[in-house]
1. If you average the sequence gap of Cα pairs under 8 Å that are 6 or more apart and divide by the length of chain A, what percent do you get for the contact order?
2. At q = 0.13, 0.14 Å⁻¹, what base-10 log of I(q)/I(0) does the Debye formula yield for the range B:1-134 when every alpha carbon is treated as an equal point scatterer in vacuo?
3. Calculate for chain A the 222 nm mean residue ellipticity that helices alone would give, adding -39,500 (n - 2.57) per DSSP H run of length 4 or more and normalising by residue count, nearest 500 deg cm²/dmol.
4. How much length would be gained if the chain were fully extended between B:T86 and B:C103, taking 0.36 nm per residue of separation minus their Cα-Cα distance, in nm to one decimal?
5. For the range A:227-303, what is the largest minus smallest coordinate of the Cα atoms on each principal axis, given in angstrom and ordered from greatest to least?
6. Could you tell me what percent of the accessible area of the protein assembly as shown is made up of carbon and sulfur, with a 1.4 Å probe and every protein chain present?
7. Averaged per residue, what accessible area in Å² does the protein assembly as shown show with a 1.4 Å probe, protein chains only?
8. Any idea which of A:T155, A:S39, A:V376 is furthest toward the positive side of the dipole for chain A, if Lys and Arg beta-carbons carry +1 and Asp and Glu beta-carbons -1?
Amino acid sequence: MFEISSKILDYFGISSDFSVIVVVLVFFVYGLFALTFASLFAGITSWYERRIAGRMQSRIGPNRVGYQGFWQWLADGLKCWFKEDIIPKDTDSVLFRIAPYFVFTGVLSTFVVIPFSPTIVGSDMNVGLVYIIAITALVVAGILMAGWASNSKWTLLGGIRSAAQMISYEIPVALSLIVVIIPAGTLSLQKIIQMQGGAPYNWFIFHNPGTFAAFFIYFTSALAEGNRTPFDLPEAESELVAGYNTEYSGMRFLFFLFAEWMNLYVIGAIATAVFLGGWRIPGIAYEVQAASLWLQFVGFIIFLIKALLLVNVIIWLRWTLPRLRIDQLMIMCYKYLIPLSVIMILLSVFFTVIYYSLPFLSLAVRIVLFILSLIVAGYFGYRVYFNIKYFPDKTYLRWMI
Amino acid sequence: MSFTNYLANIRNSVVSIFEGMAVTFSWMLRRPHTVQYPDKVDKGHELIKEGFRGILEVDVSLCTGCLACQRTCPIGVILVEVSKGTERYITRFDIDAAKCMYCGLCTEACPTNAIRHTKEFAYSVDDIRKLVLHYIKEPVKPYKPVKDATPDNFNAGRFVSEIVKNREKEYVEYEAPSVKIPDGGQTEKEKN
Ligand code: SF4
Ligand code: SF4
């Protein structure tokens, strides 16, 4: 955004006395854009997720409001808006009131460094990844606040579980990102994207076996950090009523859900930026793309498509896997994900050093990994076909309309 | 936990997630089982499986006035009145459909299968009193099971035992219901 504001300043020839106002204005507009984008995304995803869930469970899902029920999210929002905001007696009312905004702010703040295109980014910090890991700690604080302030055992248990889970899973998230930071040599998200190519085999996920595994480790731990199923223990309905947001109602309740759905995009966007090549277009150099507004827009669309595909996978996982138990959750973090990501760091270091002396090996490893994952994807398609073909009830074997 | 065990755990989780996702994805490509009732189908009766316990229906021409159903009903939904005297008449047969819990005990008790469940499920009204179904408008003579009757001459009466034997079969053959709930709360049987 600094680049854009300096361009505007140059264009209008504004003297340095007023430049602060222009810069603040530009940042304000960008903030509004990010907020609108995140809110729209969260709203539409809330409808989309329910439709997908319906399909996967052989139901229909919300389809009454507008075409295919598309406006359901607005209807739900309006409903929550008009609802009475109940604050139970004996709660710590100040903490109770501000807790949802902590969660919301914690997730929304990550949009500062999440890029949309080569120049459209809140701030291209040189510590971008560290910033993301640090700022999401606000979410933990918010959830703990909500759990404590509600003065109910369910919310307190939910809050404590959530804190334990999110703090634990921040370790594998950070470690799996380090795997990429080693070959990239930078923490800035824009620079990391810049170092990847447009073609799939130039992405960091295929850089070496270490980064390949790190993508899956990152994805799993990010799900756990974002309290998504199969790791949604803080709001385990069967055990804790609704966890930390049990006592909330109306708009405050909605803010928690907003944060949860926005977090889907954050997970997808970080994974896209770090592992999947971000906004790079195949065959076009970075300088060319950064100079052209049109190519930036194409990059934005490419970024969005990749991130939304990952969001789809997250939703799909939610309706596939059962919830883990709390001890299994901790075992998975400390016995599996952390040691594995440390091994992946070592692998990544090894390959990065090797590539310096044997550059041709780099391309070979990339292409082998790329072909390998294509084969896995092909096998997956076969398994889907197999499940459709050999399902005993033939009555419903008609394709989706 | 040995090291091979550790590796097997990782392998198992990866494979099972892979397979599970293939299953859910295959389901996403299918048409849902759910059929939208008022939108896509008018009545929905043909979709209902046999043995569905919908609103109760009484074939008064078969009722013997034995009051077995009234006595069996655990919550007193059925009210049957039989006049006394030399000529017995069934003067009243009311079922409070709003109160009924569709347990089916009355249909079990009935010796002639006169009271039975239909597949009718949509019968909301604007006044709950309209859900008291009156099956008798004019006094009806109770049905007398005749010993020498055969299943062929239905009007002469059927063997009770035969009916009991065929009860399961009748459920299967039973057609979509003819219960109507007009404004007055009167239920008319087209048969009678
Ligand atoms: S179905 Fe059950 S509740 Fe209803 S009338 Fe018969 S015995 Fe009573
Ligand atoms: S409906 Fe059946 S059980 Fe009830 S009085 Fe008539 S014959 Fe007896």
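1. On the way: 573 pairs, mean separation 80.6, N = 401.
This gives 20 percent for chain A.
2. The computed values of log10 I(q)/I(0) come out as -0.70, -0.76.
3. Details: 16 runs with 275 residues, N = 401.
Estimated from H runs of four or more residues: -23000 deg cm²/dmol.
4. Working: separation 17, 0.36 × 17 = 6.12 nm, distance 3.53 nm.
Stretched out fully, the B:T86 to B:C103 stretch lengthens by 2.6 nm.
5. Result, largest extent first: 53, 26, 12 Å.
6. On the way: 20050 of 30190 Å².
Ligands and nucleic acids excluded, carbon and sulfur give 66 percent.
7. Working: 30190 Å² over 593 residues.
So the protein assembly as shown comes to 51 Å² accessible per residue, rounded to a whole number.
8. Value computed over the given set: A:V376.
The values are calculated or read from the model by the stated rules, or taken from the named source; none is laboratory data. Just so it is clear, the structure is predicted and the values come from calculations on it, not from any experiment. In this analysis, Cβ positions are derived from the backbone assuming ideal geometry, glycine residues included, and neighbour counts consider all displayed protein chains. Side chains are part of the model used for accessible areas, which takes the heavy atoms of the whole protein and leaves out ligands, DNA and RNA. Shrake-Rupley method; radii C 1.70, N 1.55, O 1.52, S 1.80 Å.
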